[in-house]
Amino acid sequence: MTEGGPPGENPFEGLPFLGDLARMLQSQGPLSWDAGRQFALQVATGGAAESNPDPLERIRLQELSRVAELRVADATGLVMSSTGSAVTVVPVTRGEWARRTLDAYRPYLEHLASSLSAGVDDTEEELSSDPTSQLLGGIFTMIGPMILGMQSGAMVGHLAARSLGQYDLPLPRPPSNQLMVVSSNIEAFGREWSLPPDDLRLWICLSELTTHAVVSLPHVRSRLVTLVVEYVSNFRVQPGALDASLGSVDPTDPAALQQALSDPAALLGAIQSPEQRTMLPRLEALVDVIVGYVDHIMDTVGGTLLGSYAMLTEALHRRRVEAGSADRFVEHLFGLSLGRAQYERGTAFVDGVVERAGPEALRRLWRSEHELPTPAEVDAPGLWLARIDLDL
């Protein structure tokens, strides 16, 4: 703290990294985007320089994406782009993926930061007159921006180090006719599983384009964005969580303090609120149907287009259900559960519709917001068909 300044004004004074970060956060409101970008790049690249994707890789992906776009459009009946321009798949580095994704997720992260920061502010009143608690008081005033700035960048950086495309999480992004894939991750995954390179690229193009065709529909995009924003805006911070987490930490030990700040779930005590539990079934229903539908289109198109489709699908399905704790943490923050049960639920709904009314009935899924199934209808596709048939 500066000599003569009020106690707790800047508890990170004298700790070079955290001191700089604290000053930066104080000037940027509830979430530090500078900190987020720095952490995203660091985690995505491991601090190493990256080479730009090979131009030949870009050309090959463009060729494959044109084939995939035609097949997906034919199978879904959906228009890929509202502008009439072709949608292309482009290779990017991990760092570029992280930068664009952090910008794309900004609306969700800002609502999340505001929700958690509000809870942090409420805990200030619980501080005692103990000198250590006075010191922690300064931390309390900035912990929300620090945690969310660091953690937002770290989690996006982690996603960049693992993601193959931009829709590993089916979250809408700003409108664009370019879909990103991380070429280095695709190459590494292909080598690990001994997969045919061009077949793997085409599989990913099909998956990305199908997801894009669905989540880019204005009414689907609007519903999904509204639900995710509602979810992240209603986190609650457990009273006393910060005091309990930081009370035993030596504020003069940078390593101990940084370690304590590295786990926002434990540190903030962020808990699912009653409001979140009430609305979560609607979000889960929409996401489960989207992933189930994408899998169905992949089976329809990929099975006839790729000789190695079964092998590719097995490898990629295992990859997504074996996600690590960091992936699950991101899903938890956004209310997106994407484990085996969710994919099976979505698949069961789609299969139930096809069995009862044929594959053409699936095109009615995305006709308007009214046709989007309710949570009860996802578990009983016959109810969904009966409801929409009444409107014919």
- Counting other C-beta atoms within 10 Å, which of H219, H212 has the fewest, and how do the rest follow? H219, H212
- Distance in nm between pseudo-label sites at T304 and A376 (7 Å out along the Cβ direction from Cα): 3.8
- Query: Residue-wise, which Karplus ³J(HN,Hα) couplings in Hz belong to region 332-341, taking 6.51 cos²θ - 1.76 cosθ + 1.60, θ = phi - 60°, and x for glycine or proline?
  - Reply: 4, 4, 9, x, 10, 8, 10, x, 4, 4
- Task: Apply 1/(1 + (r/R0)^6) to the Cβ-Cβ distance of A323 and V229, taking R0 = 22 Å, and write down the FRET efficiency to the nearest 0.05.
- Result: 0.40
- Message: For the pair A48/A86, report the inter-label distance in nm, with labels modelled 7 Å from Cα in the Cβ direction.
- Response: 3.4
- Task: For each of V182, V350, count neighbouring Cβ atoms within 10 Å of the residue's Cβ, then give the residues from fewest to most.
- Result: V350, V182
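Any idea what the dipole of region 309-392 comes to, in debye rounded to 20, about its Cα centre with Lys/Arg Cβ at +1 and Asp/Glu Cβ at -1?
Numbers: 11 positive and 14 negative charges, 47 e Å.
Approximately 220 debye in magnitude.
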- Cα gyration tensor of region 142-235, axes a ≥ b ≥ c as square roots of the eigenvalues: rounded (a/c below 1.5), prolate (a/b > b/c) or oblate? oblate
- Task: Find which of T374, F334, F349 sits farthest along the positive direction of the dipole of region 328-390, computed with +1 on the beta-carbon of Lys and Arg, -1 on that of Asp and Glu, about the Cα centre.
- Result: F334
- Most to least packed among 276-289, 55-68 [average Cβ atoms within 10 Å]: 276-289, 55-68
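Compute the length gained on full extension between A348 and D389: take 0.36 nm times their separation in residues and subtract their Cα-Cα distance, giving the result in nm to one decimal.
12.8 nm
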- Query: Sorting W193, W97 on the 10 Å Cβ count, fewest up front, what's the list?
  - Reply: W193, W97
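The numbers here are math on the coordinates, done by the rules we state, and not lab data. Please read these numbers as outputs of a predicted model, since none were measured by experiment. With ideal geometry, Cβ positions are generated from the backbone for all residues, glycine too; neighbour counts draw on all protein chains shown.
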